[in-house]
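Just so it is clear, none of the values below were taken in a lab; they were calculated from the coordinates. Worth saying up front: this structure is predicted, and the values here are computed from it rather than measured. Here the Cβ positions follow ideal geometry from the backbone for every residue, glycine too, while neighbour counts run over all protein chains shown.
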Amino acid sequence: MQYDLTTLKQAVPMLLAWFREHKRDLPWRHDRTFYTALVAELMLQQTRVEAVKEKYVAFLEKFPTEKELALASEDEVMKAWEGLGYYTRARNLKKAAETLFAEGTPRTWVGVNALAGVGNYTAGALCSIALGLKEPAVDGNVLRILTRFFADESVADDAAKKKYTELLRAVYPDETADFCEGLMELGAIVCLPNGTPLCETCPWRTLCRAHLRGEETSYPVRAEKKERRVEHLNVYVLKCGDRYALKKREKGLLKGLWEFPNEAAPQPAAGIRGNLLAQKSATHVFTHVEWHMDGFLIETKTRDPAYTWATAEEIEASFAIPSAFKAFKAWLE
Ligand code: ADE
């Protein structure tokens, strides 16, 4: 594999010029501080820009600086994160805010990387975007762009990320924020995955080896995927008067969030007596697990004290329920 650094160097100003003209107006691109960039980057891990936009603005209204976030309760933070999924990020963000509040903003890649929830990619992004440091951020999107650019057939894995981090470091311009976000932007609106790259609008179309060969969709070459585990659950939405039963997840996936009582299926609905009002099925796909759920809306005569009982309004205002239960949350009235 030939990595032609001269061509990559030539590509840098082309990307910067393109980015300045075509970048999207996104809320985290205004009034940026290290803290606001941190909030944006953690939200954008594993979540689409469109889904993040609104949540980001509301989150910063509630927690405008690291101080408010550091001093908030975990329940408040989870509520503000509701709907974004991958809630470990919310807990990490709070921890990172506590560190910023206690120790100030880090000034080096090592210091940034030590913050909770900040891996190599996010550390590169924060250094480039908020600190002006020449530290590349290579995720799957950047890898897709660069394996196409070089028509690189090596498997797009962690070793490839490391290799491209070094290549980018060798050509990193002084405009670190624009370069870093320019690559992200190119991956988001031009160098699209699967069969849909918009090569005719790409600033690198005259240089990209895969495009010149008409083979852009052959890259990146992927490692084989592991299959997702399937779990079957019974979910009980228990209603007594105008209140619904909730319990807090104490461990594992979605820890710290509130959920409707549920159990692995098939099992008899042990201890739950009442009037069945409605029933439906739903599926939710996580990264490594799929939940196949059968949901039951049940009216009960008494309020089992093992649960927290709340009205639909209270739930809406202050209980973070994972999106996985969305289909059943729709029963609340
Ligand atoms: N994805 C991850 N970080 C991003 C950013 N700063 N702008 C747009 N998309 C992103």
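How do Glu263, Glu76 rank when sorted from fewest to most other Cβ atoms within 10 Å of their own Cβ? Spell out each step's value before the answer.
Numbers: Glu263 14, Glu76 17.
Lowest to highest Cβ neighbour count: Glu263, Glu76.
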Pop out the ³J(HN,Hα) list for region 178-194 in order, Karplus 6.51 cos²θ - 1.76 cosθ + 1.60 with θ = phi - 60°, rounded to Hz; leave Gly and Pro as x.
-> 5, 5, 4, 6, x, 5, 4, 5, 4, x, 7, 10, 10, 8, 6, x, 6
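Treating only the Cβ of Lys, Arg, Asp and Glu as charged (+1, +1, -1, -1), what charge dipole size does region 129-210 show about its Cα centre? Round to the nearest 20 debye. Intermediate values should be presented prior to the final figure.
Working: 9 positive and 13 negative charges, 51 e Å.
I would put it at about 240 debye.
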Under a GNM of the chain (C-alpha, springs under 10 Å), which listed residue has the highest mean-square fluctuation: Gly85, Gly195, Gly104?
-> Gly195
What share of the DSSP beta bridges in the chain is antiparallel, in percent to the nearest 5?
-> 65 percent
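Past 24 Å, Cα to Cα: identify those pairs from Lys94/Lys162; Lys23/Lys55; Lys95/Lys255; Lys162/Lys225; Lys62/Lys255, in the order given. Don't skip to the end; give the middle numbers.
Working: Lys94/Lys162 29 Å; Lys23/Lys55 20 Å; Lys95/Lys255 15 Å; Lys162/Lys225 20 Å; Lys62/Lys255 22 Å.
The answer is Lys94/Lys162.
Sorting Asp304, Asp178 on the 10 Å Cβ count, fewest up front, what's the list? The partial results should precede the final answer.
Working: Asp304 14, Asp178 19.
Neighbour counts put them in this order, fewest first: Asp304, Asp178.
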Note down the magnitude of the dipole of the chain about its Cα centre, charges +1 on Lys and Arg C-beta and -1 on Asp and Glu C-beta and zero elsewhere, to the nearest 20 debye.
-> 460 debye
Residue by residue through region 298-303, the couplings from Karplus 6.51 cos²θ - 1.76 cosθ + 1.60 with θ = phi - 60°, in Hz, x for Gly and Pro, are 10, 8, 10, 8, 10, 9
Fraction of alpha-carbon pairs over 16 Å apart in region 229-329 - percent = 56 percent
Counting only residues 5 or more apart in sequence or on a different chain, those whose built amide H sits under 5 Å from that of Lys239 are Ile298, Glu299, Thr300
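If we count other beta carbons within 10 Å of each Cβ, what is the order of Thr176, Thr105, fewest first?
Least to most surrounded, the residues fall as Thr105, Thr176.
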Can you quote the Å³ per residue value for the convex hull of the Cα atoms in the chain, rounded to an integer?
-> 150 Å³
Can you pull the one-decimal nm distance between simple spin-label points at Thr217 and Ala265, each 7 Å off the Cα toward Cβ?
-> 3.8 nm
Hey, what angle do you get for helix 140-149 against the long axis of the chain, alpha-carbon based, 0 to 90 degrees rounded to 10?
-> 30 degrees
Region 100-113 - phi-based ³J(HN,Hα) in whole Hz, Karplus 6.51/-1.76/1.60, Gly and Pro as x | 4, 5, 7, 10, x, 6, x, 10, 10, 4, 4, x, 5, 4
Computed over the chain: longest principal axis from alpha-carbon atoms vs helix 158-171 long axis, angle to nearest 10 degrees, is 40 degrees
Could you list which residues have their amide H under 5 Å from that of Val221, counting only those 5 or more apart in sequence or on another chain, with H placed in the peptide plane?
-> Ala156
